[in-house]
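Chemist: Sharing a structure below in structure tokens format, with a few things to ask.
The values are calculated or read from the model by the stated rules, or taken from the named source; none is laboratory data. A quick note: this is a predicted structure, and the numbers were derived from the prediction, not measured. With ideal geometry, Cβ positions are generated from the backbone for all residues, glycine too; neighbour counts draw on all protein chains shown. Ligands, DNA and RNA are stripped out before the accessible areas are found, and what is left, the full protein with its side chains, is counted by its heavy atoms. Shrake-Rupley method; radii C 1.70, N 1.55, O 1.52, S 1.80 Å.
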Protein chains: 2
Amino acid sequence: MTSLACSVVDRLSGWEPDEWPVRAYHRPTVSSLIECVPNFSEGRRPEVIDEIVHAIGQIDGVTVLDHSRDETHNRSVVTFAGPAESAVRAATAAVGRALQLIDMEQHTGAHPRIGAVDVMPFVPLGSTRIEECVDLARRFGEQAAKLFDLPVYLYGEAALRPERRRLADVRRGQYEGLKAEIGTNPDREPDYGPHRIHPRGGAIAVGARKPLIAFNVNLATEDVAVAKRIAHAVRESSGGLPAVQAMGVLLENPGERRYAQVSMNLVDWERTGISRAVREIRRLALEAGTDIDHCELIGLAPTGALLEVAADALGLRDFSPDQALELRLAKDR
Amino acid sequence: MTSLACSVVDRLSGWEPDEWPVRAYHRPTVSSLIECVPNFSEGRRPEVIDEIVHAIGQIDGVTVLDHSRDETHNRSVVTFAGPAESAVRAATAAVGRALQLIDMEQHTGAHPRIGAVDVMPFVPLGSTRIEECVDLARRFGEQAAKLFDLPVYLYGEAALRPERRRLADVRRGQYEGLKAEIGTNPDREPDYGPHRIHPRGGAIAVGARKPLIAFNVNLATEDVAVAKRIAHAVRESSGGLPAVQAMGVLLENPGERRYAQVSMNLVDWERTGISRAVREIRRLALEAGTDIDHCELIGLAPTGALLEVAADALGLRDFSPDQALELRLAKDR
């Protein structure tokens, strides 16, 4: 990391993504990877997101897992993964390209945002520890601030000020509010970088968080009030299960059956896993005179969280995720 | 594969494992790997197995996943995995080393066997197809026969004669019986290699099979008769579930509770998976007035078979194993 940080700073003046040196790294194992989920303030020009994704994907060792655009929010999310050094290089390339292509002075959209690259969370995969992501987020933040003359706010586990742990607090007032306050209000002083907004790119929130599982439980009822009551009972913020966010909604797709849905984010599956959350929802559904119809996993989930469900369902004794053949092999490769 | 086969044959005269050229291959993804599970007729001299494991492990791209020795059977099992080309190289190195270190004329043991390397099964992992393993087993068999002047019998999915699909049929009469019959009985003619036994190494059975899951269900009873009845009901050979082998045993460990156990091999989990087998055993256990206490997975299992259990337990709709993050990443690496 140190050598990369130096080489990045050395190249400060003439940085161009296409010049980025691509060299072969010792390939680390899958279990030592970092995931990054940057959000960009552009959801209406697909060619811009394609260029950013291209800049990320050309970094050796990085796999782009997903990207999606939202026109209403005028915002896009890219998910990529790689070893620490590659992840930082790809994150840097992404910011560089976004600052060239996105102008916050022209941006409008429904979603709160403070910059062209609004958030850059680092997420531990496999046996990577969250502490490594905290370290990485801070080093990346410091480096990006210098390289791009961009104000950087650290959030989540990487926050240096406790009042910046919640992203909503960092984004208060959005781009426009931050622009007005950054040079004068000491509460808005960035953790790294200049005490003024970047002329096109605004600012960036850089953080570390655990992987998030988006999981929906569809009830055998159309009564959304039941889903809302269950969501209220299971979410941490109203005294439910730790590390669970939940809301009750009515799932309506044309031509399909309607379901009252408990839509969850499990933000730390080692505290509350899928099985525990679903078991609690089933108990509450039965109490309400209904049951679970089926479940949906949205996007990706850590393999360990799914293996835990299998071990729980079977009452497996002495099970280790290392007994999953391809996962075990991936560890060594 | 063709170039490897040629280079092996070219080196026929002066082959030594230490001379084996180690070069870097393009690293294939985890999902295109082959597993090999050779059984060696040596279980009493650990140093011999260590040397064989060393010969396998030094092949670039190969991971030795497990090895175990059995003194009673005087037999050892090594599990390794790698891309096709590396797997064949490691299998070849293993046979070469075993023929130097094991003399069948001196071998006694409880387990049926025909040679120093008794069996060499090739097993598909991830998205590898069984057909690739059939092809690989036949190429390896032909090459090993030439290189080591060793009679080769193809079994399992790789069998060229239907009566050789079952390993027990190939091993009929064992080393001693085969030695007496090989030159005279046309039924014992090898698929490749000389029509006489190798002076030290006997013969080898080379095959292709699907991955096998060793799975035990421990009942909440000590009555082994219940386990035997359930095993009889679920195993394919007595009209039960397809691709299930099962027996009932009494599990006794000093100082621990005793369990009547249904011990299974699931030989094709895509035909009968873990959930289906366990569900049927639970139904039969409840009928017999008992229940499942807990389960045990022995050794490794394909990750897909465990994810299927999770998806089944949750009633997941539209689930794909590609949603398991590390597994998805391993595919691309």
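Chemist: Restricting to segment B:40-61, and then to whatever is under 23 Å from A:L329 (Cβ atoms), modelled with pLDDT of 95 or more and in contact with a strand residue (DSSP E or B) (Cβ under 8 Å, 6 or more places away or on another chain), can you tell me which residue is surrounded by the fewest Cβ atoms within 10 Å (Cβ to Cβ)?
Modeler: So, considering only residues that are under 23 Å from A:L329 (Cβ atoms), modelled with pLDDT of 95 or more and in contact with a strand residue (DSSP E or B) (Cβ under 8 Å, 6 or more places away or on another chain), the one surrounded by the fewest Cβ atoms within 10 Å (Cβ to Cβ) is B:G57.
Chemist: Consider only pairs whose beta carbons are under 7 Å apart and that are at least six residues apart or on different chains; among these, list those whose first residue lies in segment B:56-67 and is within 10 Å of chain A (Cβ to nearest Cβ) and whose second residue is part of a loop (DSSP other than H, G, I, E, B).
Modeler: Close Cβ pairs satisfying both conditions: B:G61/B:Y25; B:G61/B:R27; B:G61/B:P83; B:T63/A:D332; B:L65/B:L300; B:D66/B:G299.
Chemist: For residues that are assigned to a strand (DSSP E or B), open to solvent by 20 Å² or more (accessible area, probe 1.4 Å) and without any contact (Cβ under 8 Å) to a residue 40 or more places away in the chain, scanning just segment B:68-89, find the one that is nearest to the other protein chains (Cβ to nearest Cβ).
Modeler: Looking at residues that are assigned to a strand (DSSP E or B), open to solvent by 20 Å² or more (accessible area, probe 1.4 Å) and without any contact (Cβ under 8 Å) to a residue 40 or more places away in the chain, I get B:S68.
Chemist: Inside segment B:198-247, can you point out the residues that are among the β-branched types (V, I, T), outside any helix (DSSP H, G or I) and either modelled with pLDDT under 95 or closer than 26 Å to A:A324 by Cβ (or both)? Write out each step before concluding.
Modeler: Initially, segment B:198-247 is screened for residues among the β-branched types (V, I, T), giving B:204, B:206, B:213, B:217, B:221, B:224, B:226, B:230, B:234, B:244.
Now drop any that are not outside any helix (DSSP H, G or I), which leaves B:204, B:206, B:213, B:217, B:221, B:244.
If the condition is that a residue be among the β-branched types (V, I, T), outside any helix (DSSP H, G or I) and either modelled with pLDDT under 95 or closer than 26 Å to A:A324 by Cβ (or both), then B:I213, B:V217, B:V244 are the ones that fit.
Chemist: Residues that are within 11 Å of another protein chain (Cβ to nearest Cβ) and under 21 Å from the mean Cα position of the chain (by Cα): does segment A:252-269 have at least one?
Modeler: Narrowing segment A:252-269 to residues within 11 Å of another protein chain (Cβ to nearest Cβ): A:259.
Filter once more, so that each one left must be under 21 Å from the mean Cα position of the chain (by Cα): none.
Scanning segment A:252-269, I find no residue that is within 11 Å of another protein chain (Cβ to nearest Cβ) and under 21 Å from the mean Cα position of the chain (by Cα), so the answer is no.
Chemist: Moving on to the next point. Only residues in segment A:118-133 that are within 14 Å of chain B (Cβ to nearest Cβ) and over 18 Å from A:T92 (Cα atoms) count as the first member; pair them with residues that are of a type in the set (S, T, Y) and open to solvent by 10 Å² or more (accessible area, probe 1.4 Å), Cβ under 6 angstrom, at least 6 apart or cross-chain, and list the lot.
Modeler: These pairs meet every condition: A:G126/A:S31; A:S127/A:S31; A:T128/A:S32.
Chemist: Continuing with the same structure: If the Cβ limit is 7 Å and pairs must be 6+ apart or interchain, which residue in segment A:90-111 that is free of Cβ contacts under 8 Å to residues at least 12 places away in the same chain pairs with which residue that is open to solvent by 10 Å² or more (accessible area, probe 1.4 Å) and assigned to a helix (DSSP H, G or I)?
Modeler: Filtered contacts from segment A:90-111: no entries.
Chemist: So A:A285 fits all but one of (1) assigned to a helix (DSSP H, G or I); (2) without any contact (Cβ under 8 Å) to a residue 60 or more places away in the chain; (3) more than 10 Å from chain B (Cβ to nearest Cβ); what number is the exception?
Modeler: Of everything listed in (1) assigned to a helix (DSSP H, G or I); (2) without any contact (Cβ under 8 Å) to a residue 60 or more places away in the chain; (3) more than 10 Å from chain B (Cβ to nearest Cβ), A:A285 misses just condition (2).
Chemist: Go through segment B:296-333 residue by residue and tally those that are open to solvent by 40 Å² or more (accessible area, probe 1.4 Å), modelled with pLDDT of 95 or more and within 7 Å of chain A (Cβ to nearest Cβ).
Modeler: Qualifying residue count for the region: 1.
Chemist: Are there any pairs with C-beta distances below 6 angstrom linking a residue in segment A:306-333 that is under 21 Å from B:L65 (Cβ atoms) to a residue that is among the aromatic types (F, W, Y) and open to solvent by 30 Å² or more (accessible area, probe 1.4 Å), with the two at least 6 apart or on different chains, and if so which?
Modeler: A:A311/A:F319
Chemist: Return the residues of segment B:136-189 that are out of contact with any strand residue (DSSP E or B) (no Cβ under 6 Å at 6 or more places or on another chain), open to solvent by 60 Å² or more (accessible area, probe 1.4 Å), outside any helix (DSSP H, G or I) and within 18 Å of B:V123 (Cα to Cα); say none if nothing qualifies.
Modeler: Residues satisfying the conditions are B:R165, B:R166.
Chemist: Right, another one. Looking for something within 26 Å of A:F80 (Cα to Cα), among the hydroxyl-bearing types (S, T, Y) and in contact with a Gly (Cβ under 6 Å, 6 or more places away or on another chain) - is there at least one such residue anywhere in segment A:123-137? Before the answer, list the steps.
Modeler: Our first condition is that a residue be within 26 Å of A:F80 (Cα to Cα); within segment A:123-137, this holds for A:123-137.
Now restrict to residues that are among the hydroxyl-bearing types (S, T, Y): A:127-128.
From what is left, the residues that are in contact with a Gly (Cβ under 6 Å, 6 or more places away or on another chain) are none.
No - not one qualifying residue is present in segment A:123-137.
Chemist: For B:S275, state whether it is among the hydroxyl-bearing types (S, T, Y), within 14 Å of chain A (Cβ to nearest Cβ) and in a helix (DSSP H, G or I).
Modeler: Values: among the hydroxyl-bearing types (S, T, Y): yes; within 14 Å of chain A (Cβ to nearest Cβ): yes; in a helix (DSSP H, G or I): yes.
Judged against the criteria, B:S275 is a match.
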